[in-house]
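Before anything else, here's the structure in question.
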Amino acid sequence: MTTPAPGSRQRWLVPVVVVVLSVTVGGGLLARELYRRPDQPVDDTSVAVSTPPSASSGAPGAAGEVGMTDDARAHPQADAVRRVLKKYFEAINTKQYSLWTEVVTDERAAAQSQNDWKKGVHTTKDSDALVYRIERSSGNSLRVLVGFTSRQELEDAPLFFREPCIKWRLVMPLVIEDKALKVAAVDGGPPPEHEKC
């Protein structure tokens, strides 16, 4: 058996390294394509907008304002989400059932009569709304991770957490209904993340 000359070993080393590097780079590019977020649909006409300095800091907003983290603001639907959530919280804070029904799905509105809704929010004041993240869900729906502070009389607090001030963090599903983005019912299961203020 003969030992190959040192020069022939070097001739094979370069092509093997090139092939290994090519396969690694190709695999990385393929993995990036497979695991990246879905692109914005072609028919989506949302545009990027500038935001006030207070919202761009990621700090929570006051009553009636909806702040956004940099991550949430980078989503193509950020402005539409902000408008819907602003109206949603405004409806609760001003006790306007008709405004609330404009920004929630028909199914959600049908599940709560005006009297029941007003009983549920009659002492509620929501503030410090902050959108942490917006993700595309199935179809044209979105999942919005939002936090906010809710203040209410103790007797109007949820039965499972009787506190006058609650900091909530939950995922709000938003769907397209009648060509408009609307807040759907929160997914079933355990109560959303919450803590005493």
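Using a 1.4 Å probe and ignoring any ligands, DNA or RNA, find the accessible area of THR105 and quote it in Å² to the nearest 10.
Rounded to the nearest 10, the figure is 10 Å².
Given the protein chains as shown and a 1.4 Å probe, how many square angstrom of ASP116 are accessible, to the nearest 10?
80
Sticking with the crude label model, points 7 Å out along Cα→Cβ, report the distance from ARG162 to LYS118 in nm, one decimal please.
Each label point is offset 7 Å from its Cα along the Cβ direction, giving 2.6 nm.
Suppose accessible area is computed on protein heavy atoms with a 1.4 Å probe; arrange PHE89, PHE160 from highest to lowest. Before the final figure, lay out the partial values.
Working: PHE89 10, PHE160 110 Å².
Largest accessible area first, the residues go PHE160, PHE89.
What number comes out for accessible area per residue over region 69-197 if the probe is 1.4 Å? Units Å², please.
For region 69-197, the per-residue accessible area is 52 Å².
Same structure again: Share of region 116-197's accessible area from carbon and sulfur, percent, 1.4 Å?
That share works out to 54 percent.
The values are calculated or read from the model by the stated rules, or taken from the named source; none is laboratory data. Just so it is clear, the structure is predicted and the values come from calculations on it, not from any experiment. Cβ: placed from backbone, ideal geometry, glycine included. Neighbour counts: every protein chain shown. Ligands, DNA and RNA are stripped out before the accessible areas are found, and what is left, the full protein with its side chains, is counted by its heavy atoms. Shrake-Rupley method; radii C 1.70, N 1.55, O 1.52, S 1.80 Å.
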